[in-house]
Structure formats: structure tokens, C-alpha cells
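Colleague: For reference, the structure I am asking about is given below.
The values are calculated or read from the model by the stated rules, or taken from the named source; none is laboratory data. Treat the numbers as computed from the prediction; the structure is a model and nothing was measured. Note that each Cβ is placed from the backbone with ideal geometry, even for glycine, and that neighbours are counted across all protein chains shown.
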Amino acid sequence: MSSELSDRIRLPVEPSDIAEAHARIRPYIRRTPIMEAALAEAPGARVFFKLEFTQHAGSFKSRGAFNNLLSREIPAAGVTAASGGNHGIAVAQAARRLGCSARIFVPEISAKVKVDAIRSTGCELIIGGARYADAQVSCDAYASQSGALLVHPIDSVATISGQGTLAKEWEEDHYPLGWGKLDTVLVGVGGGGLIAGMAAWWRGRVKVVSVEPEGSRCLQAALQAGHPVDVPVESIAADSLGARRAGDLVFEIAKYAVADSILVADDAIKQAQQLLLRDFRIISEPGGAAALGALISRRYEPQRGERVGVLLCGGNVDPTKI
């Protein structure tokens with residue numbers, strides 16, 4: 001299929017959906033900062049960090065959570081969500097802010113710092129199952145039985161549109177700082193809701209690159225197979241980038257709007273965390289540092305003069321674990 005024809009195909013989420021979501025959630029989210037970062041690992045390129053870990057819930061997930069709760073009718077049973085941690089924090093905080101009840105399901109692998117953050121909201125927390133997929137099964141059953149609003153972390157128009165507001169905001173803030181147009185953005189990927197929203201916003205204008213751990217590669221596997229498939233999950237970033245299968249909507253967007261898909265080793269993710277702490281005093285969880293891992297491991301090698309955005313998307317981690 002030609003690039004011109006591909007660009008004319010309507011995606012499940014379009015920039016107009018993202019603009020509407022941004023207008024809706026703007027009073028409830030933090031407009032997170034950008035900084036330029038000189039990296040020896042990217043000689044000749046200009047690298048920019050988007051500090052999304054400073055978002056209210058410690059990750060980008062607040063965007064999708066608020067867009068869901070503000071655009072959909074909330075029943076008397078409240079809301080429910082399954083999460084490796086960050087989505088649960090965001091939904092629980094959004095529910096508390098908007099005055100509704102929440103029941104959050106998390107797997108046993110969820111980091112204690114994330115579990116504690118969910119508990120601190122006063123919501124009902126259910127821990128069970130070894131992996132995220134197990135928590136999702138329990139959550140789906142509860143939503144069906146109770147009538148609670150299910151807030152999916154990945155594969156819904158409301159979630160993807162909300163996450164896409166990050167790209168809209170980044171673009172709006174980047175130009176006034178005199179940095180020019182971004183050429184490429186590296187995005188850490190779990191189930192793909194974030195990169196789907198960002199790629200839908202930047203489609204055809206900025207090269208959006210998926211970065212996944214080698215042991216958790218559901219989006220790359222889907223793109224290679226031509227449809228979503230189940231993959232094994234084994235990575236230090238599994239509590240945030242540990243989806244077993246890419247979403248159907250995510251895949252429909254990614255196959256037209258994600259420019260490239262690369263994998264990074266867990267060691268590169270650890271090195272990225274350590275670099276961020278040592279050189280920038282930034283505490284990042286493994287999933288939040290994965291995109292930077294692609295640069296420091298040379299899995300992505302920018303051209304001279306290329307303007308590369310690196311999304312630091314989550315900071316919910318015990319600093320002693322870095």
C-alpha cells in the first residue's frame with residue numbers, strides 16, 4: 001500500500017478525538033515539562049526528554065483515566081480497572097477526584113510502591129493472579145456482575161484518545177521553546193494504548209518508534225504476524241510494559257502510524273535508569289526508562305542533527321531498586 005493511500009485511511013482514533021479529549025481533561029491533568037538533554041550516546045543528535053513521570057499519578061495514565069470518567073456515564077456501582085499498577089493508580093485517583101467509588105485489580109507482580117499508592121486513594125484493592133492478564137479476567141467478571149464501568153488500560157477509544165493528548169501537548173510546548181519540529185519520538189510500549197494515541201496525533205508528521213523489552217514484545221509480534229497474538233512476558237518492566245497481547249484498536253492504529261518497532265534488553269533499561277539518576281537526578285521506573293534504553297544501547301541510532309524526543313513516562317518505583 002502506498003504511503004499516500006495509507007495516510008488517507010481513517011484510524012479508530014483521529015486527531016480531532018485527541019483534541020476533544022484534551023479540552024475535556026485539561027483542568028484535571030498536569031502539563032508536564034520538556035528538557036533538552038546532552039547524551040554522549042547520541043552524538044550529533046539533539047535529544048529532548050518529556051517528563052511525563054511528573055504527572056499526578058506518576059505516569060501518563062492519568063490522561064486516559066480522566067478521559068474515560070469524564071466522557072462516559074458512571075453507574076452507581078462506580079468504576080473498575082485491572083492494572084499492573086500505574087493505570088490503577090490513575091483510575092483510583094481520578095475516581096476520588098470526581099467523587100465515585102473504584103475497585104482496582106492488580107497482579108501479584110505489582111510493585112509495592114504502586115500497590116501502596118492505589119491503597120492511599122481509599123479505593124477497594126484486590127490483589128490476585130500472577131500476571132496482569134489474570135487481574136484483567138477478574139476485573140472483567142466483576143464489571144459484568146456489578147455493572148461497574150470498566151476502564152480499560154489499553155484498548156478503548158477513550159483511553160487511546162486520552163493518552164494521545166500527551167503528543168498534542170508536547171508539540172504545542174516544543175515550538176515556543178525554539179527547538180523546532182521533532183523528527184522522531186521514542187515511546188516505551190506495553191499494550192500500546194499510549195503509542196497508539198501519540199502515533200494517531202503525529203501520523204505522517206513525526207516518526208513514532210515503539211520500544212519494547214525483549215521479553216515483552218506484544219506490539220512487535222502483532223506487527224510481524226499481521227494481527228494481535230499472545231506473547232510470553234518476562235522483563236524487569238513487566239509491571240508496566242507487561243501486556244500479553246496488543247489491543248485490536250492499538251494494532252489498527254500502529255500498522256499505519258507507528259514508523260518502527262525495536263527491542264531493548266533488560267540490562268539497557270537498567271542502565272537507562274542509572275543514567276537518569278546519575279546525570280539528571282531523575283528517578284524512573286523500568287518501563288519509564290525503556291525508551292532511553294533504545295538510545296544508550298544504540299538499538300536506535302539517530303542521524304546527525306536529528307531531533308529525538310524520548311518519553312520518560314513513569315516514575316512509580318522504589319529508589320532503592322535502581
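Colleague: Closer than 23 Å to THR184 by Cα, at pLDDT below 95, in the same structural domain as ALA40 (by TED's automatic domain parsing) and among the small types (Gly, Ala, Ser): which single residue out of GLY215, GLY293, GLY288 fits that description? Can you show your working first?
Modeller: Details: GLY215 fails: closer than 23 Å to THR184 by Cα; GLY293 fails: at pLDDT below 95.
Checking each option against the conditions leaves just GLY288.
Let's see how each residue does on (1) among the small types (Gly, Ala, Ser); (2) touching a helix residue (DSSP H, G or I) at 6+ places or on another chain (Cβ under 7 Å); (3) in the same structural domain as CYS218 (by TED's automatic domain parsing):
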site	(1), (2), (3)
ALA82	yes, yes, no
GLY88	yes, yes, no
PHE105	no, yes, no
VAL113	no, no, no
GLY122	yes, yes, no
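Residue-by-condition table, conditions (1) buried (at least 20 other Cβ atoms within 10 Å of the Cβ); (2) out of contact with any His (no Cβ under 6 Å at 6 or more places or on another chain); (3) over 15 Å from HIS87 (Cα atoms):
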position	(1), (2), (3)
GLN145	no, yes, yes
ALA158	yes, yes, no
GLU171	no, yes, yes
GLY191	yes, yes, no
GLN220	yes, yes, yes
ALA237	yes, yes, no
LEU241	yes, yes, no
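Colleague: With (1) at pLDDT 95 or above; (2) surrounded by fewer than 24 Cβ atoms within 10 Å (Cβ to Cβ); (3) in contact with a helix residue (DSSP H, G or I) (Cβ under 7 Å, 6 or more places away or on another chain) as the list, and ALA76 as the residue in question, which single condition is left unmet?
Modeller: The number of the failed condition is (3).
Colleague: Give the residue, chosen from PHE66, PHE105, that is of a type in the set (A, V, I, L, M, F, W, C), touching a Phe, Trp or Tyr at 6+ places or on another chain (Cβ under 6 Å) and either within 15 Å of ALA158 (Cβ to Cβ) or modelled with pLDDT of 95 or more (or both).
Modeller: PHE66
Colleague: (1) of a type in the set (S, T, N, Q); (2) at pLDDT 95 or above; (3) surrounded by 23 or more Cβ atoms within 10 Å (Cβ to Cβ): which one isn't true of SER261, the others all being true?
Modeller: Here SER261 meets the rest and fails (3).
Colleague: Now for a different question. Does any residue of the stretch 1-8 turn out to be modelled with pLDDT of 95 or more and hydrophobic (A, V, I, L, M, F, W, C)? If you could, list the steps in order and put the result at the bottom.
Modeller: Of the stretch 1-8, the ones modelled with pLDDT of 95 or more are none.
Scanning the stretch 1-8 turns up no residue that is modelled with pLDDT of 95 or more and hydrophobic (A, V, I, L, M, F, W, C).
The rows are residues; the columns are (1) touching a Pro at 6+ places or on another chain (Cβ under 8 Å); (2) assigned to a helix (DSSP H, G or I).
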| residue | (1), (2) |
| --- | --- |
| ILE160 | yes, yes |
| LEU166 | no, yes |
| HIS174 | no, yes |
| ILE195 | no, yes |
| ARG205 | no, no |
| ALA222 | yes, yes |
| VAL233 | no, no |
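Colleague: May I pose another question? Could you give every pair whose Cβ atoms fall below 9 Å, whose first residue belongs to the stretch 266-284 and is in contact (Cβ under 8 Å) with a residue 24 or more places away in the chain, and whose second residue is charged (D, E, K, R) and part of a helix (DSSP H, G or I), counting only separations of at least 6 or pairs across chains?
Modeller: GLN273/LYS321
Colleague: Of the residues VAL91, VAL13, VAL47, which is surrounded by 16 or more Cβ atoms within 10 Å (Cβ to Cβ), over 30 Å from GLN273 (Cα atoms) and not basic (Lys, Arg)? If you could, list the steps in order and put the result at the bottom.
Modeller: Working: VAL91 fails: over 30 Å from GLN273 (Cα atoms); VAL47 fails: over 30 Å from GLN273 (Cα atoms).
Going through VAL91, VAL13, VAL47 in turn, just one is surrounded by 16 or more Cβ atoms within 10 Å (Cβ to Cβ), over 30 Å from GLN273 (Cα atoms) and not basic (Lys, Arg): VAL13.
Colleague: Would you point out which residue out of ILE154, ILE118, ILE126 is assigned to a helix (DSSP H, G or I) and surrounded by 15 or more Cβ atoms within 10 Å (Cβ to Cβ)? Walk me through it before giving the result.
Modeller: Numbers: ILE154 fails: assigned to a helix (DSSP H, G or I); ILE126 fails: assigned to a helix (DSSP H, G or I).
Answer to the selection: ILE118.
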